[in-house]
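Okay, structure first, notes after.
The values are calculated or read from the model by the stated rules, or taken from the named source; none is laboratory data. Quick caveat: nothing in here was measured; it's all calculated off a predicted structure. FYI the Cβ positions are ideal-geometry reconstructions off the backbone, even for glycines, and counts take in every protein chain you see.
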Amino acid sequence: MPAPVVIVGAGQAAASFISRHVALGNSEALLLIGEEPHPPYQRPPLSKKYLLGELERDRLFIRPRKWYADQGVETRFDTRIAEIRRVDKQVVTDNSEAIAYDKLILCTGSHARGLPAEIGGTLPGVYTLRSISDIDRMAPEFQAGRKLLIVGGGYIGLEAAAVARQLGLEVTLLEMAERILQRVAAAETSRYFRELHAGHGVDLRESAQMTRLLEDDGKVCGAQLESGEIVAADLVLVGIGGSPNTELALAAGLDCDNGVQVNATCQTSDPDIFAAGDCCNFSRGGQQIRLESVQNAADQGDLIARVLAGEDVSYTALPWFWSDQYDCKLQIVGLNLGHDHIALRPGASESSLSVWYYRGDQLLAIDAMNEPRSYAFGRKIIEAGKNPAPEIVADPATDLKALALG
Amino acid sequence: MANITWKMEDGSEIAADVKDGLNLMEAATANNVPHIEGECGGCLSCATCHVFVEPEWLARTGEVDDIEDTMLEMTDVEREDNSRLSCQIIASPELDGLVLYVPEPE
């Protein structure tokens, strides 16, 4: 029997690859290998409805557990791959079992960065948020009245802050940069979310340098700031970004630089090995980028199935993201990397706003807060390669639908 | 529980019993209905779970709110009066027998 296509990493990219492979009627056998005990699941709800306790675990699964077998896909969960032997075209489990592949697809994802152990990063009561088991460990600690300290003002930290406030915890959030979301959004988007969280009672501190986490009775009890101030905490969530899981690829000698490097067909420097999702690094508009998003993982996984089926396709998908915090729905389309000015478009209500990012005359991206029209029509506008002038989109009288379809 | 039927453009059909409380995007992906992706997990950000509802059933599938109405502008196949995003239709006994038509993007 010929060797199967082996997928290492059971996340969104893997599920999307398999779905497309099945839908195209490809005959090559598939073997999906994942470290976690679960079939591929959605990660975005982890820091939202799942942490809030509003979504049961099975509903996180992208396809039901039995779906894979029904499609003839072999699965091995709870299985860690320790090595890729490119010469033999095999992957080797940590039990030294060698598994042959015809093509190998790396969907190894990313991991949450932690704080160093020297400053208390590994104390009991300190969490990061990336997987079902992370949430299952921390959820029992999310009790009303307890003090949660969040380190890092990115989307995961902000989403967790919103859930914690909804559950009645006292929340302090520390951001070492001048403002929350500094790396990913304009100052106006930061201001919107600063006000949103302040309005919900989060003690949000920017330019806050933490020197170390503090321990009492074998457990974290707070943090010391550079100013000397001590912030008390019953639990700490560290949300300071993610790093790509490239250990296997690096050890196998694949080209890596902030992710496994892939070309426009998601192929790595070994033509029999592809990579998709958070773990890979690719070129877009002359920039090397790595994205941690459902859209990117799903679209790259889908693309690889088409490539293996012989379709002449390359990766050009327009990125999009979302976040939910309290009653605010944030929708983002495009990438604002390299923007040099913005336009602000007020929405229909006080809580709605969109931020339009430009580089020169080119419209790059939109952050839409409770403003789905800016997201939906903005997406069409960007897809069509239209570049409406900033003063036009900033004018609330401008009909975005007409702009998109005109 | 509701028995739901998805009809594809090629004339094929998939029918399944769907547990109350599940949305019909989840139900479609669980039952391998083609062209229903639901990438955003049902949070109204991707418009990849578009269906046409058998007109006589439309009222029973519930109201289209402003966000869904806007997101229906983004679907691959252009919306019609009976368009819904199936992540916003929640299974209940009143929907037993519901028929959905699945548009096929080009």
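If you scan region A:77-108, which residues turn out to be more than 26 Å from the chain's Cα centre (by Cα) and in a strand (DSSP E or B)?
Of everything in region A:77-108, those that are more than 26 Å from the chain's Cα centre (by Cα) and in a strand (DSSP E or B) turn out to be A:85, A:90, A:91, A:92, A:93, A:98, A:99, A:100.
Can you tell me which residues in region B:11-39 are under 26 Å from residue A:302 (Cα atoms) and touching a residue at least 40 places away in the same chain (Cβ under 8 Å)?
Of everything in region B:11-39, those that are under 26 Å from residue A:302 (Cα atoms) and touching a residue at least 40 places away in the same chain (Cβ under 8 Å) turn out to be B:22, B:23, B:24, B:25, B:26, B:27, B:28, B:33, B:34, B:35, B:36, B:38.
Just one of (1) touching an Asp or Glu at 6+ places or on another chain (Cβ under 7 Å); (2) within 26 Å of residue A:176 (Cα to Cα) trips up residue A:92, so point out which.
Only one criterion in (1) touching an Asp or Glu at 6+ places or on another chain (Cβ under 7 Å); (2) within 26 Å of residue A:176 (Cα to Cα) is unmet by residue A:92, namely (2).
Look at region B:46-72 and say how many of its residues are part of a strand (DSSP E or B) and either more than 14 Å from residue B:87 (Cβ to Cβ) or aliphatic (A, V, I, L, M) (or both).
Final tally of qualifying residues: 3.
Whether any residue in region B:17-32 is of a type in the set (A, V, I, L, M, F, W, C), out of contact with any helix residue (DSSP H, G or I) (no Cβ under 8 Å at 6 or more places or on another chain) and more than 12 Å from chain A (Cβ to nearest Cβ) is what I want to check.
Looking through region B:17-32, none of the residues is of a type in the set (A, V, I, L, M, F, W, C), out of contact with any helix residue (DSSP H, G or I) (no Cβ under 8 Å at 6 or more places or on another chain) and more than 12 Å from chain A (Cβ to nearest Cβ).
List the helices (runs of 4 or more DSSP H) that sit entirely inside region A:336-406 and contain at least 1 residues that are within 14 Å of chain B (Cβ to nearest Cβ) and either modelled with pLDDT under 95 or within 17 Å of residue A:322 (Cβ to Cβ) (or both). Walk me through it before giving the result.
Working: elements: A:372-383, A:390-394, A:400-405.
Counting at least 1 such residues, we get A:372-383, A:400-405.
Starting from residues that are out of contact with any Phe, Trp or Tyr (no Cβ under 9 Å at 6 or more places or on another chain) and part of a helix (DSSP H, G or I), keep the ones in region A:194-227 and report whichever is farthest from residue A:124 (Cα to Cα).
Residue satisfying both the conditions and the ranking: A:195.
Go through (1) aliphatic (A, V, I, L, M); (2) assigned by TED's automatic domain parsing to the domain that holds residue A:61; (3) more than 19 Å from residue A:6 (Cβ to Cβ); (4) out of contact with any Cys (no Cβ under 8 Å at 6 or more places or on another chain) for residue A:204 and report which single condition fails.
With respect to (1) aliphatic (A, V, I, L, M); (2) assigned by TED's automatic domain parsing to the domain that holds residue A:61; (3) more than 19 Å from residue A:6 (Cβ to Cβ); (4) out of contact with any Cys (no Cβ under 8 Å at 6 or more places or on another chain), residue A:204 is out only on (2).
When you look at residue A:135, is it part of a strand (DSSP E or B), out of contact with any Pro (no Cβ under 8 Å at 6 or more places or on another chain), in contact (Cβ under 8 Å) with a residue 12 or more places away in the chain and of a type in the set (Val, Ile, Thr), yes or no?
Details: part of a strand (DSSP E or B): no; out of contact with any Pro (no Cβ under 8 Å at 6 or more places or on another chain): yes; in contact (Cβ under 8 Å) with a residue 12 or more places away in the chain: yes; of a type in the set (Val, Ile, Thr): yes.
The answer is no for residue A:135.
Hey, does region A:297-311 have a residue that's within 14 Å of chain B (Cβ to nearest Cβ), free of Cβ contacts under 8 Å to residues at least 40 places away in the same chain and surrounded by fewer than 24 Cβ atoms within 10 Å (Cβ to Cβ)?
The answer is no, given that none of the residues of region A:297-311 is within 14 Å of chain B (Cβ to nearest Cβ), free of Cβ contacts under 8 Å to residues at least 40 places away in the same chain and surrounded by fewer than 24 Cβ atoms within 10 Å (Cβ to Cβ).
Among B:76, B:17, which is assigned to a strand (DSSP E or B), loosely packed, with under 15 Cβ neighbours inside 10 Å, of a type outside the set (Val, Ile, Thr) and touching a strand residue (DSSP E or B) at 6+ places or on another chain (Cβ under 8 Å)? So that I can check it myself, show each step before the final result.
Numbers: B:76 fails: assigned to a strand (DSSP E or B).
Criteria check complete, one pass: B:17.
With respect to residue A:15, determine if the residue is within 14 Å of another protein chain (Cβ to nearest Cβ), in contact with a Pro (Cβ under 7 Å, 6 or more places away or on another chain) and not charged (D, E, K, R). Write out each step before concluding.
Values: within 14 Å of another protein chain (Cβ to nearest Cβ): yes; in contact with a Pro (Cβ under 7 Å, 6 or more places away or on another chain): yes; not charged (D, E, K, R): yes.
Yes, satisfied.
Could you list all residues from region A:247-264 that are surrounded by 20 or more Cβ atoms within 10 Å (Cβ to Cβ) and part of a helix (DSSP H, G or I)?
A:248, A:249
Within the set of pairs 6 or more residues apart or between chains, which connect a residue that is surrounded by 15 or more Cβ atoms within 10 Å (Cβ to Cβ) inside region A:54-79 to a residue that is among the acidic types (Asp, Glu) and in a helix (DSSP H, G or I) with Cβ atoms less than 7 Å apart?
A:59/B:26
Go through (1) of a type in the set (Phe, Trp, Tyr); (2) surrounded by 23 or more Cβ atoms within 10 Å (Cβ to Cβ); (3) farther than 16 Å from residue B:45 by Cα one by one and return the number of the condition residue A:358 breaks.
(2)
Checking the structure you have, find out if any residue of region A:299-321 is part of a strand (DSSP E or B) and closer than 24 Å to residue B:37 by Cα. Explain how you work it out, then say what you get.
Kept after step one, since they are part of a strand (DSSP E or B), are these residues of region A:299-321: A:320-321.
When the remaining residues are screened for being closer than 24 Å to residue B:37 by Cα, the result is A:320-321.
Taking every residue of region A:299-321 in turn, at least one turns out to be part of a strand (DSSP E or B) and closer than 24 Å to residue B:37 by Cα.
Hey, any hits in region A:16-26 for a residue that's in contact with a His (Cβ under 9 Å, 6 or more places away or on another chain), in a strand (DSSP E or B) and surrounded by fewer than 23 Cβ atoms within 10 Å (Cβ to Cβ)?
Among the residues of region A:16-26, not one is in contact with a His (Cβ under 9 Å, 6 or more places away or on another chain), in a strand (DSSP E or B) and surrounded by fewer than 23 Cβ atoms within 10 Å (Cβ to Cβ), which makes the answer no.
Quick check on residue B:53: is it surrounded by 19 or more Cβ atoms within 10 Å (Cβ to Cβ) and of a type outside the set (S, T, N, Q)? Let's see the steps before the verdict.
Numbers: surrounded by 19 or more Cβ atoms within 10 Å (Cβ to Cβ): yes; of a type outside the set (S, T, N, Q): yes.
Yes: the conditions hold for residue B:53.
When the residues of region A:18-57 are narrowed to those that are more than 12 Å from chain B (Cβ to nearest Cβ) and in contact with a strand residue (DSSP E or B) (Cβ under 6 Å, 6 or more places away or on another chain), which ends up nearest to residue A:83 (Cα to Cα)? Let's see the steps before the verdict.
Applying the first criterion (more than 12 Å from chain B (Cβ to nearest Cβ)) to region A:18-57 yields A:21, A:26-38, A:47, A:51-53, A:57.
Still in the running and in contact with a strand residue (DSSP E or B) (Cβ under 6 Å, 6 or more places away or on another chain): A:28, A:30-33.
Details: A:28: 23, A:30: 19, A:31: 16, A:32: 16, A:33: 13 Å.
Filtering region A:18-57 for residues that are more than 12 Å from chain B (Cβ to nearest Cβ) and in contact with a strand residue (DSSP E or B) (Cβ under 6 Å, 6 or more places away or on another chain), the one nearest to residue A:83 (Cα to Cα) comes out as A:33.
Per-residue answers, yes or no, for (1) closer than 22 Å to residue A:376 by Cα; (2) assigned by TED's automatic domain parsing to the domain that holds residue A:380; (3) aromatic (Phe, Trp, Tyr):
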| residue | (1), (2), (3) |
| --- | --- |
| A:299 | yes, no, no |
| A:303 | no, no, no |
| A:314 | no, no, no |
| A:322 | yes, no, yes |
| A:336 | yes, yes, no |
| A:344 | yes, yes, no |
| A:347 | yes, yes, no |
| A:350 | yes, yes, no |
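Among the residues in region A:184-201, are any surrounded by fewer than 21 Cβ atoms within 10 Å (Cβ to Cβ), of a type outside the set (A, V, I, L, M, F, W, C), closer than 26 Å to residue A:335 by Cα and in contact (Cβ under 8 Å) with a residue 60 or more places away in the chain?
yes
Conditions tested, residue by residue: (1) out of contact with any Phe, Trp or Tyr (no Cβ under 9 Å at 6 or more places or on another chain); (2) at pLDDT below 95; (3) not aromatic (Phe, Trp, Tyr).
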position	(1), (2), (3)
B:3	yes, no, yes
B:9	no, no, yes
B:20	yes, no, yes
B:25	yes, no, yes
B:36	no, no, yes
B:60	yes, no, yes
B:63	yes, yes, yes
